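Asker: One structure follows; several queries about it will come next.
The values are calculated or read from the model by the stated rules, or taken from the named source; none is laboratory data. Please read all numbers here as calculations on a predicted model, not as lab measurements. Reconstructed Cβ throughout: ideal geometry from the backbone, glycine too, with neighbour counts over all protein chains shown.
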Amino acid sequence: MIHFTNVSKNYGQQILYSGASFQVRPGDRIGLVGPNGAGKTTVFKIITGQESPDGGQVTFGEKVVIGYFSQDIADMSGRTAREEVLAGVGRISEVARLIKECEARLESGALDDNEMMKVVELYGELQLEFEAREGYSLDSRVEEIMLGLGFSMSDLSRGVEMFSGGWKMRIELAKILALKPDVLLMDEPTNHLDLESIVWLEKWLMNYKGALVMTSHDREFMNRVVNRIVEVANKAITTYSGNYDFYEREREIRKTQLLSAHKKQQDMLQKEEEFIARFAARASHAAQVQSRVKKLEKIERIEIPVDEKAIQFEFPTPPRSGVEVVKFSGLSKVYPMEDGEEKLVFKDLSGQVQRLEKVAVVGVNGAGKSTLLKIMAGAVNPSTGQCVVGPSVRVGYFSQSALDVLDPKRTIFDEIAARIPEATIGFVRSLLGAFLFSGDDVHKKISVLSGGEKSRVVLASILATPVNCLILDEPTNHLDIRSREVLLEQLRAFDGTVVIVSHDRHFLRQVANRVFEVDRGRMTSYPGNFDYYLEKTQREGVR
């Protein structure tokens, strides 16, 4: 369907890949992985024609329809959410228009026999294509997709201007899914989805009959959906047959084999070079020396790829808190609406978090998870009720929106230094280095950072002072899988209390020992891990 053949791509002096090849075959489920900046998104842009390769070529099967979901969304206005999705189905809409044109020409009676035959033939082909792309069920399909992605029936008739950026992302995703292309390209499709929507998308993709190429930082999502991994790293593209777990194991095996081969080659080269150096001046060995020199010139040297960088840090040992970390009772939160009405987020929530508990707060988008965390962290006040933080509790709060706690006018260095004024320049630089900010990078303004960079700055700012209670709202958003694993291990080892919202099921399974579910304005506490919660609520689809 798609052949990526000997492709090379450079940005100035930076080589993304050289002589790279892979294929997208019918029914493939490909996970595109690699470090940030390696060129994964560029692969998508080359396939879609947004960029051209500097060498090699990309070829496509006849009449292959490609759908591409990216993190860059176009302006939306003047339509309802349903109309916006219907307008984005591309080829189906075009085929429907051509069918109507054919019908009008056939009904006109103005065609001669030869023209009639041509129009009838085209009409038949268009109807077959329209049926193959399930055009006759388009309206019901759009509704099913939008409801699956978390929209309510009333949302479908709301103007697109009324939705936040995250919900506009869902509208864009719904467009691509409704198109049902032959090849689906998806760049981080789960970034703005809650757990229920991720599970729905997972099932949809499992039943999807086309080919799929996607990037994702959600390990469990990748494992369930993909059956091949294409790695973009070290100026090359490498294919692995299997899901993400298989890829990790196989990559380590290949790396071990490569290191062994590299050592053998280095030993051989050293012996040959010692022989050449020892006998180069002897006429009796001239032929042997020359032969070995030519041999070395022809040998292709084995290179050891540079290890992918991941954040490296350890939470400092926190001061001990009391047993009761956070206690809340009768909590209600109401937000005013633009039309003068009030929106009730939740009502009469009561509960407590005790020392060393690691609590996962779960629930659908809009249930109030982030609001509850903000109240615990003291970032907002409840409308009624009270939330009391223990007197010896020191809170570190990671906001879902990094700019909530970062000053966009400051540099990275100044942002961290302001939080620990007693620290030396060396300590601040060392801390930032652990979060992959080195050299002149530390002088970048917060306002120009990517989402992933802002997340790392916030994590570094939390680490700057010892805390014994971490309140984390989607801390894994924008972090790659390796960095997520580092954060996961540190949270498991953290000698303090954690309250966390995340849609990463692997993360929740490994961290949580208690679950708060916020649903329909109420909260239920489950005294067990994430799997215990799933068992008690019989949420089989999330497993």
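Asker: Check 413, 437 and return the single one that is in contact with a helix residue (DSSP H, G or I) (Cβ under 9 Å, 6 or more places away or on another chain) and assigned to a loop (DSSP other than H, G, I, E, B).
Answerer: One residue alone meets the criteria, 437.
Asker: I would also like to ask the following. Which of the following residues is in contact with a strand residue (DSSP E or B) (Cβ under 9 Å, 6 or more places away or on another chain) and outside the structural domain of residue 38 (by TED's automatic domain parsing): 268, 337?
Answerer: On the way: 268 fails: in contact with a strand residue (DSSP E or B) (Cβ under 9 Å, 6 or more places away or on another chain).
Exactly one of 268, 337 is in contact with a strand residue (DSSP E or B) (Cβ under 9 Å, 6 or more places away or on another chain) and outside the structural domain of residue 38 (by TED's automatic domain parsing), namely 337.
Asker: Also, quick follow-up: Are any residues in segment 35-73 without any contact (Cβ under 8 Å) to a residue 40 or more places away in the chain and farther than 26 Å from residue 174 by Cα, and if so, which ones?
Answerer: 37, 52
Asker: So for segment 311-332 (the condition being farther than 30 Å from residue 432 by Cα and touching a Pro at 6+ places or on another chain (Cβ under 6 Å)), does at least one residue qualify? Spell out how you get there, then give the answer.
Answerer: Taking segment 311-332 first, the residues farther than 30 Å from residue 432 by Cα are 322-324, 326-332.
After this cut, where a residue has to be touching a Pro at 6+ places or on another chain (Cβ under 6 Å) as well, the list is 331.
Among the residues of segment 311-332, at least one is farther than 30 Å from residue 432 by Cα and touching a Pro at 6+ places or on another chain (Cβ under 6 Å), which makes the answer yes.
Asker: Moving on to the next point. Among residues belonging to segment 416-444 that are closer than 20 Å to residue 483 by Cα and of a type outside the set (A, V, I, L, M, F, W, C), point out the one that is surrounded by the most Cβ atoms within 10 Å (Cβ to Cβ).
Answerer: 429
Okay, residues lined up against (1) within 24 Å of residue 499 (Cβ to Cβ); (2) β-branched (Val, Ile, Thr):
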{"site": "399", "(1), (2)": "yes, no"}
{"site": "408", "(1), (2)": "no, no"}
{"site": "412", "(1), (2)": "no, yes"}
{"site": "429", "(1), (2)": "no, no"}
{"site": "432", "(1), (2)": "no, no"}
{"site": "446", "(1), (2)": "no, yes"}
{"site": "457", "(1), (2)": "yes, yes"}
{"site": "460", "(1), (2)": "yes, no"}
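Asker: Listed residues 247, 240; which is of a type in the set (Ser, Thr, Tyr) and outside any strand (DSSP E or B)?
Answerer: On the way: 240 fails: outside any strand (DSSP E or B).
Being of a type in the set (Ser, Thr, Tyr) and outside any strand (DSSP E or B) holds for just one of 247, 240, which is 247.
Asker: Same structure, new question: Of the numbered conditions (1) part of a strand (DSSP E or B); (2) within 29 Å of residue 193 (Cα to Cα), residue 367 fails exactly one; give the number of that condition.
Answerer: Of everything listed in (1) part of a strand (DSSP E or B); (2) within 29 Å of residue 193 (Cα to Cα), residue 367 misses just condition (1).
Asker: For segment 121-137, enumerate the residues that are surrounded by 14 or more Cβ atoms within 10 Å (Cβ to Cβ) and of a type in the set (A, V, I, L, M). First the steps, then the outcome.
Answerer: Initially, segment 121-137 is screened for residues surrounded by 14 or more Cβ atoms within 10 Å (Cβ to Cβ), giving 122-123, 126-127, 129-130, 133, 135.
Passing the criteria: 122, 126.
Asker: For residue 202, work out the one condition from (1) free of Cβ contacts under 8 Å to residues at least 40 places away in the same chain; (2) buried (at least 22 other Cβ atoms within 10 Å of the Cβ) it doesn't fulfil.
Answerer: Among (1) free of Cβ contacts under 8 Å to residues at least 40 places away in the same chain; (2) buried (at least 22 other Cβ atoms within 10 Å of the Cβ), the lone unmet condition for residue 202 is (2).
Asker: Additional query: Within segment 132-140, does at least one residue satisfy the condition of being part of a helix (DSSP H, G or I), over 30 Å from residue 479 (Cα atoms), touching a residue at least 12 places away in the same chain (Cβ under 8 Å) and aromatic (Phe, Trp, Tyr)? Talk me through it step by step, then tell me what you get.
Answerer: Start the filter on segment 132-140 by keeping residues that are part of a helix (DSSP H, G or I), which leaves 132, 135-140.
With over 30 Å from residue 479 (Cα atoms) added as a condition, the list becomes 132, 135-140.
After this cut, where a residue has to be touching a residue at least 12 places away in the same chain (Cβ under 8 Å) as well, the list is 135, 138-139.
Now narrow it down to the ones that are aromatic (Phe, Trp, Tyr): none.
No, segment 132-140 has no match at all.
Asker: Out of all the residues in segment 375-382, is one or more touching a Gly at 6+ places or on another chain (Cβ under 8 Å), assigned to a loop (DSSP other than H, G, I, E, B), within 21 Å of residue 336 (Cβ to Cβ) and not basic (Lys, Arg)? First the steps, then the outcome.
Answerer: Filtering segment 375-382 for residues touching a Gly at 6+ places or on another chain (Cβ under 8 Å) gives none.
No - not one qualifying residue is present in segment 375-382.
Asker: Within segment 179-202, is there a residue that is in contact with a Pro (Cβ under 7 Å, 6 or more places away or on another chain) and in a helix (DSSP H, G or I)? First the steps, then the outcome.
Answerer: Initial filter on segment 179-202 (in contact with a Pro (Cβ under 7 Å, 6 or more places away or on another chain)): 201.
Narrowing further to those that are in a helix (DSSP H, G or I): 201.
Looking for residues that are in contact with a Pro (Cβ under 7 Å, 6 or more places away or on another chain) and in a helix (DSSP H, G or I), one finds at least one in segment 179-202, hence yes.
Asker: Residues of segment 202-258 being among the aromatic types (Phe, Trp, Tyr) and over 28 Å from residue 54 (Cβ atoms), which ones?
Answerer: Taking segment 202-258 as the starting set, the residues that turn out to be among the aromatic types (Phe, Trp, Tyr) are 204, 208, 221, 240, 244, 246-247.
Once the filter is applied, which keeps residues that are among the aromatic types (Phe, Trp, Tyr) and over 28 Å from residue 54 (Cβ atoms), segment 202-258 yields 204, 208, 221, 244, 246.
Asker: Here's a follow-up. Could we say that residue 489 is surrounded by fewer than 17 Cβ atoms within 10 Å (Cβ to Cβ), in the same structural domain as residue 378 (by TED's automatic domain parsing) and out of contact with any Cys (no Cβ under 7 Å at 6 or more places or on another chain) here? Outline the logic, then answer.
Answerer: On the way: surrounded by fewer than 17 Cβ atoms within 10 Å (Cβ to Cβ): yes; in the same structural domain as residue 378 (by TED's automatic domain parsing): yes; out of contact with any Cys (no Cβ under 7 Å at 6 or more places or on another chain): yes.
Here the answer is yes, as residue 489 does meet what is asked.
Asker: Shifting gears a bit: Would you mind stating whether residue 174 is in contact with a helix residue (DSSP H, G or I) (Cβ under 6 Å, 6 or more places away or on another chain), among the small types (Gly, Ala, Ser), modelled with pLDDT of 90 or more and not assigned by TED's automatic domain parsing to the domain that holds residue 504?
Answerer: Details: in contact with a helix residue (DSSP H, G or I) (Cβ under 6 Å, 6 or more places away or on another chain): yes; among the small types (Gly, Ala, Ser): yes; modelled with pLDDT of 90 or more: yes; not assigned by TED's automatic domain parsing to the domain that holds residue 504: yes.
In short, yes.
Asker: Tell me, please, whether a residue that is touching a residue at least 24 places away in the same chain (Cβ under 8 Å), over 30 Å from residue 189 (Cα atoms), assigned to a loop (DSSP other than H, G, I, E, B) and not basic (Lys, Arg) can be found in segment 423-432.
Answerer: Within segment 423-432 (the criterion being touching a residue at least 24 places away in the same chain (Cβ under 8 Å), over 30 Å from residue 189 (Cα atoms), assigned to a loop (DSSP other than H, G, I, E, B) and not basic (Lys, Arg)), the answer is yes, since at least one residue qualifies.
Asker: Where residues in segment 1-49 are of a type in the set (A, V, I, L, M) and in a loop (DSSP other than H, G, I, E, B), which of them is surrounded by the most Cβ atoms within 10 Å (Cβ to Cβ)? Show your work before the answer.
Answerer: Filtering segment 1-49 down to residues of a type in the set (A, V, I, L, M) leaves 1-2, 7, 15-16, 20, 24, 30, 32-33, 38, 43, 46-47.
Of the ones still in play, those that are also in a loop (DSSP other than H, G, I, E, B) are 1, 38.
On the way: 1: 18, 38: 21.
Taking the candidates together, the pick is 38.
Asker: Does segment 205-237 hold any residues that are part of a strand (DSSP E or B) and either surrounded by fewer than 19 Cβ atoms within 10 Å (Cβ to Cβ) or not charged (D, E, K, R) (or both), and which are they? First the steps, then the outcome.
Answerer: Here is the first cut: in segment 205-237, the ones part of a strand (DSSP E or B) are 211-215, 228-233, 236-237.
Correct list: 211, 212, 213, 214, 215, 229, 230, 232, 233, 236, 237.
Asker: A follow-up question, please. Got a number for residues in segment 251-281 being surrounded by 16 or more Cβ atoms within 10 Å (Cβ to Cβ) and under 23 Å from residue 216 (Cα atoms)?
Answerer: 1
Asker: Filter segment 246-276 for residues that are in contact (Cβ under 8 Å) with a residue 24 or more places away in the chain and closer than 17 Å to residue 215 by Cβ and give the result.
Answerer: 247
Asker: Going by the conditions given, is residue 290 at pLDDT 85 or above, out of contact with any Cys (no Cβ under 8 Å at 6 or more places or on another chain) and either surrounded by 11 or more Cβ atoms within 10 Å (Cβ to Cβ) or within 30 Å of residue 485 (Cβ to Cβ) (or both)? Walk me through it before giving the result.
Answerer: Details: at pLDDT 85 or above: yes; out of contact with any Cys (no Cβ under 8 Å at 6 or more places or on another chain): yes; either surrounded by 11 or more Cβ atoms within 10 Å (Cβ to Cβ) or within 30 Å of residue 485 (Cβ to Cβ) (or both): yes.
For residue 290, the condition - at pLDDT 85 or above, out of contact with any Cys (no Cβ under 8 Å at 6 or more places or on another chain) and either surrounded by 11 or more Cβ atoms within 10 Å (Cβ to Cβ) or within 30 Å of residue 485 (Cβ to Cβ) (or both) - is met.
Asker: Continuing with the same structure: Residue under question is residue 99, and the condition is that it be more than 24 Å from the chain's Cα centre (by Cα) and touching a residue at least 24 places away in the same chain (Cβ under 8 Å); does it hold?
Answerer: Values: more than 24 Å from the chain's Cα centre (by Cα): yes; touching a residue at least 24 places away in the same chain (Cβ under 8 Å): yes.
So residue 99 passes the test.
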